[in-house]
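The values are calculated or read from the model by the stated rules, or taken from the named source; none is laboratory data. Every value quoted in this text rests on a predicted model; they were computed, and no experiment measured them. No Cβ is skipped: glycine too gets one built from the backbone with ideal geometry, and neighbour counts run over all protein chains shown.
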Amino acid sequence: PATARLDRDGVLRVGGVRVDELAAEFGTPAFVLDEADFRARCAAWRRAFSDCDVYYAGKAFLCRAVARWVDEEGLNLDVCTGGELAVARSVGFPAGRLLFHGNNKSVAELRAAVAYGVGRIVVDSFAEIDRLAAVAAEAGVRQRVLVRVTPGVEAHTHSYVSTGQEDQKFGFSLAGGAAAEAVERVLAAGSLELVGLHAHIGSQIFDTAGFGLAAHRMVGLLARVRDTHDLELPELDLGGGLGIAYTSEDAPLEVADVAERLTAVVGKECAAAGLAVPRLGVEPGRAVVGPTTVTLYEVGTVKELPGLRTFVSVDGGMSDNIRTALYDARYTARLVSRAGSAAAHVVTLVGRHCESGDVVAHDVPLPDDVRPGDLVAVPASGAYHRSMASNYNHVTRPPVVAVRDGAARLIVRRETEEDLLRLDIDPADQAGAAV
Ligand code: LLP
């Protein structure tokens, strides 16, 4: 995080708060989120994409505090489930600045979104166009929609998070003609108002070429829509996907450079096609929240396998960071509760779960006197960590602590065993209950 500093005694400070004090107060594992950094990143996106709509992608990490910060910093919010929408609603997030995504939104979710007045719903299938048209008609409103298009761009990223190519579940194919047909069907639905097109090519992307190509193809479709329907759509949303640095090997793009590239491509192509430049939208998730957070763990067992490797176990693991196991993601870690010896050894940082794939970070250098009770921090763990956390092995999910100006406050509390048991129905308690 931007405000992270090492004190002279080797203790990390984030937002002006020492992590040993955080561990004492909130326990470990814990997600420590630098609020000033989060807000600064929101502001940087707003600045870079001025005159554009910046939607924070809540899937990366969402809670009520975050929804409020996003609102206060003037960003819009992208939700992709009724649950994320419920968080937004619970803080009164301005409905007009919400955008609702998803390839399989339920009728109940669509009704909830329409009833709240969600600004834009991104339609993802022909069945959904019909469903939404019916829901909007029933509510007596004209719902604004974007059509999600698959532009056929291969983002060079992990196949699990790559969404621009043809063979995947999202959107309407541009090449296959489905996108043009979707536009036609939305235009024909009296209860829907088509305001633009949407494309998202993938996530954790490090070069602008894919974004540029997607923008080029999308402007081509805007021109086709104009030619076919005599209609210039006012909005073009190019999704999220900007990569961040997890290790020193990653070289992320600058937000300003991406903004410049996208606006240049769209501007030039529109001029060539004789189109008015549409209002651009972007949906960053990871790039806003990822770098703001460290996960704080306490070291337990240290096991040296002579001639093989050293396993350093921490009190969390794949339940708070599934990315290493799922995407073979790379992370770093460092000792943050004391200086440690100058000599380092390369260890495998593992969790506490009952399987050997439970790795937090492969091949991380840690001081060779690392021992039980030490605190280690894993940076860049703000996006898709807490939001993808699980209760595997009946582990309680860690809290999120926001730090700022020397003060810490809980924004998501730690789960308790009571929380877990509350969902679990004991048949013995039901004996004799009426069916
Ligand atoms: N917009 C849409 C339509 C998306 O599907 C996504 C991410 C975003 C925006 C935000 O993308 P971002 O800026 O965060 O890259 N769990 C995976 C990432 C899944 C991304 C899903 N969609 C991971 O941990 O890498």
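Per-structure values
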{"read-out": "Count - residues of the stretch 178-213 that are part of a strand (DSSP E or B) and either more than 27 Å from the chain's Cα centre (by Cα) or more than 16 Å from the ligand (Cβ to nearest atom) (or both)", "value": "4"}
{"read-out": "Strands (runs of 3 or more DSSP E) lying entirely in the stretch 73-158 (those with 3 or more residues that are aliphatic (A, V, I, L, M) and either buried (at least 24 other Cβ atoms within 10 Å of the Cβ) or over 23 Å from the mean Cα position of the chain (by Cα) (or both))", "value": "120-123, 143-150"}
{"read-out": "Flag for G281 being buried (at least 22 other Cβ atoms within 10 Å of the Cβ), assigned by TED's automatic domain parsing to the domain that holds F100 and not β-branched (V, I, T)", "value": "yes"}
{"read-out": "Failed condition for V294, given (1) aliphatic (A, V, I, L, M); (2) within 29 Å of L22 (Cβ to Cβ); (3) surrounded by fewer than 18 Cβ atoms within 10 Å (Cβ to Cβ)", "value": "(3)"}
{"read-out": "Close pairs (6 angstrom Cβ cut-off, 6 or more residues apart or separate chains): on the phi > 0 side of the Ramachandran plot in the stretch 73-90, modelled with pLDDT of 95 or more and away from the ligand (no atom under 12 Å from the Cβ) anywhere", "value": "G74/R46"}
{"read-out": "Every residue from the stretch 395-418 that is of a type outside the set (G, A, S) and part of a loop (DSSP other than H, G, I, E, B)", "value": "V395, T396, R397, P398, P399, D405, R413, R414, E415, T416"}
{"read-out": "Residue within the stretch 315-331 that is in a strand (DSSP E or B) and either buried (at least 17 other Cβ atoms within 10 Å of the Cβ) or at pLDDT 95 or above (or both) present", "value": "no"}
{"read-out": "Residue check, H216 closer than 25 Å to V145 by Cα, surrounded by 15 or more Cβ atoms within 10 Å (Cβ to Cβ), within 14 Å of the ligand (Cβ to nearest atom) and within 26 Å of the chain's Cα centre (by Cα)", "value": "no"}
{"read-out": "Residue in the stretch 13-35 that is surrounded by 24 or more Cβ atoms within 10 Å (Cβ to Cβ), within 16 Å of the chain's Cα centre (by Cα), of a type in the set (A, V, I, L, M, F, W, C) and in a helix (DSSP H, G or I) present", "value": "no"}
